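Below: the structure, in structure tokens.
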Amino acid sequence: MTSHKAVTLGLAGTGRIGTSHAETLKNLPNVANVLLADADPDRARTTATKLGLEFTPDLDTLFAADLDGLIIATATDSHPDLICRAVDAGIPVFCEKPVAADIEGTLAVLDHIQNSPTPVQIGFQRRFDAGYQAARTAITSGSLGWLHTLRATTLDPTPPPADYIPRSGGIFRDCGVHDFDIIRWVTGREIVSVYATGSNRGDSFFTDAGDVDTAAVLLRLDDDSLATVSLTRYNGAGYDVRLEALGSKGNAIVGLDDRSPLTSVEPDYIPSTFPAYPGFMDRFRRAYTDELVAFVSVVNGDLENPCSPMDALEAFYVAEACELSRRESRPVKVTEVRH
């Protein structure tokens, strides 16, 4: 039986993604109230005033409120403490990825919360995108036959700020992890080995941080199907996120629409008049809304957790294997990095 309780939610972090979540939450029918907090109280106050929401001066005040759920959109290094604190208080959590900055930190969080019934939903929004959901249905129904190849892309139009890169975790953990998660989710298979490489032809701050601005990955899944993942910070044509699932009987392509930043040079091609997606917020706007709708249902006990910290850990293992592969120029089995 669906309860449809109107909930009070706390939101920690009022940067770009946090503010976007706040705008979404204030318009959801089963959300009675949203309280905002940020490490910068002035930013939280400004955002709350702009959106007509409540403001709390710090996280202690936020936790002292009678919350039904907490959304965490703060810096990565604060995620472990906030997740554990909320779970200890019996407050369901929605946390933007990652759970923690590294595998050890992720495992520590999992160990802390493993015996608690309080749900923790991780923000892999592609699981809520209609295209990826349709691809999953096509794959799992068998309508594509057996899969032989998957091709995934996450191509950003411009790089993030230079000061972000040293604390990003690198292109595989920061960017490719979404592709690794969605490949696992749409196929229902596990990734068993990787071979990754990368290059730097852009700004020097990537090299200075030991990172790359462009990467290519070859994945082998546990049913022997193959997947490729292409990543870059410099796709000037626009934000290009796609997945091609190619099977023995058919194929399914996600992200191929009138706003895909693809240019055919065939003479009879009629180009789209719609602008390319400028970034992930536009491309996945509906998915971001739907994952928060799901979280409210999780809070109310009407829905099983659609993306657990264990899912995040599995994608993180693949990202870790990719980084090791890139650094050592060799294939890496995911079991090599599994703790």
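The values are calculated or read from the model by the stated rules, or taken from the named source; none is laboratory data. As the structure is a computational prediction, the values presented were derived from the model and not from experiment. Counting neighbours? That spans all protein chains shown, and the Cβs are built from the backbone with ideal geometry, glycine included. To get the accessible areas, we keep the full protein, side chains included, count just its heavy atoms, and leave off ligands, DNA and RNA. Shrake-Rupley method; radii C 1.70, N 1.55, O 1.52, S 1.80 Å.
Odds and ends about this structure:
- Residue satisfying all of: in region 91-112; in contact with a strand residue (DSSP E or B) (Cβ under 6 Å, 6 or more places away or on another chain) and open to solvent by less than 30 Å² (accessible area, probe 1.4 Å); nearest to residue 302 (Cα to Cα) among these: 92
- Residue match in region 106-114 (condition: of a type in the set (A, V, I, L, M) and in contact with a Ser or Thr (Cβ under 9 Å, 6 or more places away or on another chain)): no
- Of residues in region 60-90 being outside any helix (DSSP H, G or I) and free of Cβ contacts under 8 Å to residues at least 40 places away in the same chain, the one surrounded by the fewest Cβ atoms within 10 Å (Cβ to Cβ): 90
- Per this entry, residue 14 is counted among residues that are outside any strand (DSSP E or B) and touching a residue at least 12 places away in the same chain (Cβ under 8 Å).
- Note on region 142-172: residues that are among the aliphatic types (A, V, I, L, M), closer than 27 Å to residue 224 by Cβ and either under 14 Å from the mean Cα position of the chain (by Cα) or open to solvent by 30 Å² or more (accessible area, probe 1.4 Å) (or both) total 1.
- If the condition is being open to solvent by 20 Å² or more (accessible area, probe 1.4 Å), closer than 20 Å to residue 66 by Cβ and not small (Gly, Ala, Ser), then region 1-28 contributes 4, 5, 8, 26, 28.
- Residue 242, sole failed condition from (1) assigned to a strand (DSSP E or B); (2) more than 25 Å from residue 306 (Cβ to Cβ); (3) not hydrophobic (A, V, I, L, M, F, W, C): (2)
- Residue list for region 287-317, restricted to those being over 18 Å from residue 93 (Cβ atoms) and over 14 Å from the mean Cα position of the chain (by Cα): 317
- Which listed residue is under 25 Å from residue 134 (Cβ atoms), without any contact (Cβ under 8 Å) to a residue 24 or more places away in the chain and in the same structural domain as residue 161 (by the TED database), from 179, 223, 258: 258
- For region 217-240, the set of residues classified as within 28 Å of residue 275 (Cα to Cα), open to solvent by 50 Å² or more (accessible area, probe 1.4 Å) and over 19 Å from the mean Cα position of the chain (by Cα) consists of 234, 236, 237, listed by residue number.
- Members of region 173-184 that are in contact with a helix residue (DSSP H, G or I) (Cβ under 7 Å, 6 or more places away or on another chain) and open to solvent by less than 40 Å² (accessible area, probe 1.4 Å): 176, 177, 178, 180, 181, 182, 184
- From 260, 308, residue being buried (at least 16 other Cβ atoms within 10 Å of the Cβ) and closer than 30 Å to residue 30 by Cβ: 308
- Qualifying residue in region 314-324 (condition: surrounded by fewer than 23 Cβ atoms within 10 Å (Cβ to Cβ), without any contact (Cβ under 8 Å) to a residue 60 or more places away in the chain and in the same structural domain as residue 212 (by the TED database)): yes
- If you go through region 49-79 and keep only what is of a type in the set (Phe, Trp, Tyr) and under 28 Å from residue 105 (Cα atoms), you end up with just 63.
- When region 117-141 is filtered for residues that are surrounded by 13 or more Cβ atoms within 10 Å (Cβ to Cβ), in a loop (DSSP other than H, G, I, E, B) and not aromatic (Phe, Trp, Tyr), the ones remaining, listed by number, are 118, 119, 129.
- Among the candidates 267, 278, the residue that is surrounded by fewer than 18 Cβ atoms within 10 Å (Cβ to Cβ) and in contact (Cβ under 8 Å) with a residue 12 or more places away in the chain is uniquely 278.
- One residue from 284, 295 being under 20 Å from residue 158 (Cα atoms) and either crowded, with 17+ Cβ neighbours inside 10 Å or among the hydrophobic types (A, V, I, L, M, F, W, C) (or both): 284
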